[in-house]
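Chemist: Can you read through this structure? Questions will come right after.
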Amino acid sequence: MLFTLTPIDVAEGYGEGILPLADAKRHLRVDADFEDDDPLIEVLRDAAIDAVEKYCNIRLVETAGIVARFEGFGPGMRAGIGPAASVLVTGVSYVDSAGEAAAIDAGGWRLDVLGNLLPALNTAWPTSYGPVTVTFTAGYTDANRPRALVQAARFMLAHLYAHREAVVSSGLGGELPLGFRFLCDQYRLPVI
């Protein structure tokens, strides 16, 4: 089922909570006292975290207020971002047959093991409706965030820091290091 995810504004300090600047500098082997590159490292760290999240279709920090819009009710209504086990639907609204906004009461829906949104047991979705908006929370917490995904962000950060130009002139070109994909693919949530 086609859906649209509304872009998410990340909270101030989002990247710092996942990969602190001091840890990023240690990984890059940048002296802790050298602060000239700190703004650059912070930007590249945040870009690396964003790359992991977009590649895997997950959030590395629990994020509330994510909005997905669907053409209508039906099979395959999935948040499209995860991890699926952490998705918590907080609201479902739609446009009814009269063109009025309507909401389904909390408890009027459930999620299956794959994260698909279904009507509550012994109920059905409205039969006459327009676009459906689902609001949810998804993401890892500090307690369950996979260390492999943080390491993938470190790999991406190191790659971005070492290759700051759009064109590599040293003759050494190539794809992003295999380690990034290897670590991310274990957690990647496919969107169909």
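The values are calculated or read from the model by the stated rules, or taken from the named source; none is laboratory data. None of these values were measured; they are calculated from a predicted model. Reconstructed Cβ throughout: ideal geometry from the backbone, glycine too, with neighbour counts over all protein chains shown. Each accessible area value is taken on the protein alone, full model and side chains, heavy atoms only, with ligands, DNA and RNA left out. Shrake-Rupley method; radii C 1.70, N 1.55, O 1.52, S 1.80 Å.
Chemist: How many nm separate the modelled label positions at residue 67 and residue 95, each set 7 Å beyond the Cα in the direction of the Cβ?
Modeler: Between residue 67 and residue 95, the label points sit 1.4 nm apart.
Chemist: Also: Got a sec? Charge dipole of the chain, +1 on Cβ for Lys and Arg, -1 for Asp and Glu; which of 81, 113, 153 is way out at the positive end?
Modeler: The listed residue farthest towards the positive side: 113.
Chemist: How much length, in nm to one decimal, is gained on full extension between residue 29 and residue 12, taken as 0.36 nm per residue of separation minus their Cα-Cα distance?
Modeler: Additional length available on full extension: 3.6 nm.
Chemist: On full extension of the chain, what length is gained from residue 88 through residue 147, given 0.36 nm per residue of separation minus the C-alpha to C-alpha distance?
Modeler: 19.0 nm
Chemist: Right, next: Considering Cα pairs under 8 angstrom that are at least six residues apart, work out the relative contact order of the chain and quote it in whole percent.
Modeler: Normalised by residue count, the contact order of the chain is 29 percent.
Chemist: Here's a follow-up. Under a 10 Å cutoff between Cα atoms, tell me which one of 104, 49, 41 has the largest fluctuation in the Gaussian network model of the chain.
Modeler: Of 104, 49, 41, the Gaussian network model singles out 104 as fluctuating most.
Chemist: Of the beta bridges DSSP finds with both residues in the chain, what % are antiparallel, to the nearest 5?
Modeler: 95
Chemist: So between residue 162 and residue 105, what do we pick up on full extension, going 0.36 nm a residue minus the alpha carbon distance?
Modeler: 15.4 nm
Chemist: Residue 63's amide H: which non-local residues (gap 5+, or another chain) put their own amide H closer than 5 Å, with H modeled 1.01 Å from N in plane and none for Pro or chain starts?
Modeler: So residue 63 has HN proximity to 138, 139.
Chemist: What's the carbon and sulfur percent of the chain's accessible surface, probe 1.4 angstrom, rounded to a whole number?
Modeler: On the chain, the fraction of accessible area on carbon and sulfur atoms equals 55 percent.
Chemist: Here is a follow-up. Roughly how many Å² is the accessible area per residue of region 57-157, as a whole number, for a 1.4 Å probe?
Modeler: Averaged over the residues of region 57-157, the accessible area is 48 Å².
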